[in-house]
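Engineer: So that we are looking at the same thing, I have put the structure below in structure tokens.
Please treat every number below as a calculation from the coordinates, not as lab data. None of these values were measured; they are calculated from a predicted model. Every residue, glycine among them, receives a Cβ derived from its backbone with ideal geometry; neighbour counts consider all protein chains shown.
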Amino acid sequence: MPTDPRILAITDRIRTRSRDRREAYLDRISRAAEAGPARAHLSCSNQAHAYAATGDDKAAMAGSRAPHLGIVTAYNDMLSAHQPFENFPQRIRAAARAAGATAQVAGGVPAMCDGVTQGQPGMELSLFSRDVIALSAGVAMSHNCFDAALWLGVCDKIVPGLIIAAATFGHVPAVFVPAGPMTSGLPNDEKAKVRQAFAAGQATRADLMSAEMASYHGPGTCTFYGTANTNQMLMEFMGLHLPGTSFVNPGTLLRAALTEAAVARAAAITALGNDYRPAGRIIDERAFVNGIVGLMATGGSTNLVLHLPAMARAAGIELELADFAQISEVVPLMAKVYPNGLADVNHFHAAGGLGYMIGELLSAGLLHDDVETIAGPGLARYTEEPKLTEAGLTWTPGSGESLNDRILRPVADPFQPSGGLRHLTGNLGDAVIKTSAVATERHVIEAPVRIFHDQNDVKKAFQAHEFTKDTIVVVRFQGPRANGMPELHSLTPILAVLQDRGLKVALVTDGRMSGASGKVPAAIHVAPEAATGGPLARLRDGDVIRLDAVTGRLEALVDGLEDRAPLVPDLSANQHGIGRELFGLFRQHAGPATKGASPLF
């Protein structure tokens, strides 16, 4: 099916806007590629240091003829999704030898768990951990020894940070290697009910702890469709995973076989062979459009609206919020995965998963098929399903139909005619809202505001029973320059309680919500942020705001807003403790949320 003219027009606008930056980027990586395999330019002393501890692989490495693969790993066992990576290097080295290559851990990158830091001071480091990951991966790759790289990461800021690094070393082929989701535990909706009951004083802490432990219970990605699993979707839609590999559980034979196949594929696409596939050529404007299409069709994480512009800029491409909004208008919502529905990612995968969705979207002309991927030319390969047979790993055509239409639907009969994210504009600036889990009757909220500068003060007001009428809660000075732009997910249960009591409530903030933000309307990532004198800093308690996700407007219904002096609060409390003092330069140099909030670009 030819690509839909509307998708082509959006892609052309991105290409035109990005032309100068992209051409300069491609020139840089072309010159790096023309220099030849990096190891040929290292001195004997350089190489001896690099290979000193590699045992039987030394001769192959020194010979410079066998492909040498760098492993960049985000392993730690604080993150359940990353715990399986502990033993991946050993498996990768063995698989590389079998493929006539060698492999080495080039370096590790930090990986923090937002689930641990939600509502805590450590969350103020979370967004900038993405850029630290990119910098750390840059240090790992700076040894300049590698013909291809294997990138081991899954969760929220880790994949975006690794993509920024992979794009920076765009002349080096890049294969992203996932670890898979944990098996299903306590259903996510049941966990959410216990959280709300605890917030309302109707459940004990022991009840809450029991529910949380039954939900997050083993190795693998959390099973709701938040940022981590949205990242995995993105890697398939952008052609950086092997087909069908995202949602295979850890510890299975198929997971192990897919990891080994990723190593063999990385060895096959280096400049030493005849199928050279540098990362910078794969992640072009068509790949980013495909990723945004996947984001809309699956109702994915709002965090990717923040990360994708930063990722794209590393590859010389300029994305704008309007691109997301225009793609959302074209692409239907095809999936219902918690918090958009009751299913988790294991149920989604069993119903047909990403292969089914990519096939449907290709058939409707809503994806670019004429792309390069690590698996070969064209995105059609990503409709195939990996299977482990007696003969080994193979890919077979997917079923081509949804096995559960309560979870997955075709383009012709979607859950909603447009995607799950909207761009909001108005006199309060630019923002985004995730609507896919919000009831239609709550897509428009107009109410007086109650203003807070700290999420804990919202909780205190709730506990004091101060919310008795329709209210839009404004939590400002939460942007990247104010305090690192933390997620405010811990507010979700209390706002949901208020909504369930019959109040019309919404959240407006220059901070973030969780990638699994759910049924409460939330206008987030407001830019310009309050700390730079943005309109949020001019609001006063009692001002009326209209949040309209139907027309895409976010308006303060007051006269003379622009004439008010912006509030300049004391933000010194955000600058110290739990490592925050180390990130002062990041806060000072962070860009606006609309461009990815990165201090690097």
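Engineer: With just the Cα atoms of the stretch 93-204, tell me how far they stretch along each of the three principal axes, in Å, largest first.
Structural biologist: Projected onto its principal axes, the Cα set of the stretch 93-204 covers 60, 32, 17 Å.
Engineer: Right, next: Over 26 Å, how big is the tail of the calculated P(r) for the stretch 421-595, in percent of all Cα pairs?
Structural biologist: Above the 26 Å cut-off, the stretch 421-595 has 24 percent of its Cα pairs.
Engineer: Could I have the simple spin-label model distance between ALA461 and LEU585, label points 7 Å from Cα toward Cβ, reported in nm to one decimal?
Structural biologist: If labels sit at ALA461 and LEU585, their model points lie 3.8 nm apart.
Engineer: Let me ask another. For the chain, what does the relative contact order come out to in percent, with C-alpha contacts under 8 Å and a separation of six or more?
Structural biologist: In percent, rounded to a whole number, it is 15.
Engineer: May I pose another question? Separation between the ILE578 and SER43 pseudo-spin-labels, each 7 Å from Cα along Cα→Cβ, expressed in nm?
Structural biologist: 4.7
Engineer: Quick one: which residues, 5 or more positions from LEU567 or on another chain, have an amide H under 5 Å from its amide H? H modelled 1.01 Å from N in the peptide plane, none for Pro or chain starts.
Structural biologist: ARG538
Engineer: While we're looking at this one, here's another question. Along the charge dipole of the stretch 1-125, Cβ charges K/R +1 and D/E -1, which of GLN90, LEU8, ALA111 sits furthest on the positive end?
Structural biologist: The Cα lying farthest towards the positive end belongs to LEU8.
Engineer: May I pose another question? Rg to Rh for the stretch 492-554: what is it, with Cα atoms only and Rh by Kirkwood?
Structural biologist: Ratio value, two decimals: 0.97.
Engineer: Moving on to the next point. Assuming a viscosity of 1.306 mPa s and a temperature of 10 °C, what translational diffusion coefficient in µm² per second does Stokes-Einstein assign to the stretch 32-109, Rh being the Kirkwood radius over Cα pairs?
Structural biologist: Estimated diffusion coefficient is 115 µm²/s.
Engineer: Report the calculated FRET efficiency for ASP12 and THR551 (r = Cβ-Cβ distance, R0 = 25 Å), to the nearest 0.05.
Structural biologist: 0.45
Engineer: Next question, about the same structure. Ratio to report: Rg/Rh of the stretch 161-260, with Cα atoms as the point set and Rh obtained by the Kirkwood method; give two decimals.
Structural biologist: Across the stretch 161-260, the Cα-based Rg/Rh ratio is 1.12.
Engineer: What number in nm² do you get for the stretch 135-183 if you take the convex hull of its Cα atoms and divide its surface by four?
Structural biologist: Orientation-averaged projected area of the Cα hull: 3.5 nm².
Engineer: Okay, next question. Bin width 5 Å, alpha-carbon pairs only: give the P(r) of the stretch 542-600 as whole percents, running from 0 to the bin holding the largest distance.
Structural biologist: 4, 12, 12, 15, 17, 15, 15, 8, 1
Engineer: Is there a pair in LYS193/LYS387; LYS191/LYS459; LYS157/LYS519; LYS191/LYS387; LYS336/LYS469; LYS193/LYS469 whose C-alpha atoms are over 29 Å apart, and which pairs would that be?
Structural biologist: Check vs 29 Å cut-off fails for LYS193/LYS387; LYS191/LYS387; LYS336/LYS469.
Engineer: Using a 10 Å cut-off around each Cβ, can you sort GLU529, GLU23, GLU260 from fewest to most neighbouring Cβ atoms?
Structural biologist: Ascending Cβ contact count within 10 Å gives the list GLU23, GLU260, GLU529.
Engineer: How many angstrom lie between the Cα centre of the stretch 492-560 and the Cα centre of the stretch 144-190?
Structural biologist: 32
Engineer: Same structure again: Efficiency by 1/(1 + (r/R0)^6): what FRET value for ALA439 and GLN202, r their Cβ-Cβ distance, R0 = 22 Å, to the nearest 0.05?
Structural biologist: Computed FRET efficiency for ALA439 and GLN202 comes out at 0.45.
Engineer: How would you rank 101-108, 356-363, 135-142, highest first, on the average number of other Cβ atoms within 10 Å across their residues?
Structural biologist: Top to bottom by mean Cβ count within 10 Å: 356-363, 101-108, 135-142.
Engineer: Sort 569-575, 197-203 by the packing proxy (mean of other Cβ within 10 Å over each peptide's residues), most packed first.
Structural biologist: So the order, starting with the most tightly packed, is 197-203, 569-575.
Engineer: Could you give the dipole magnitude of the stretch 531-572 about its Cα centre, charging the beta-carbon of Lys and Arg +1 and that of Asp and Glu -1, in debye to the nearest 20?
Structural biologist: 80
Engineer: OK, next. Rank the residues SER45, SER80, SER598 as a footprinting-exposure proxy: fewest other Cβ atoms within 10 Å of their Cβ go first.
Structural biologist: With the sparsest Cβ surroundings first, the list reads SER45, SER80, SER598.
Engineer: Please sort 215-221, 89-95 by packing, taking for each peptide the average over its residues of neighbouring beta carbons within 10 angstrom, highest first.
Structural biologist: Ranking the peptides 215-221, 89-95 by packing returns 215-221, 89-95.
Engineer: Here's something else I'd like to know. Which three lengths, in whole Å and largest first, does the chain cover when its Cα atoms are put on their principal axes?
Structural biologist: 73, 53, 50
Engineer: Roughly what would the spin-label model give for ASN76 and ALA24, points 7 Å off Cα along C-beta, in nm?
Structural biologist: 3.5
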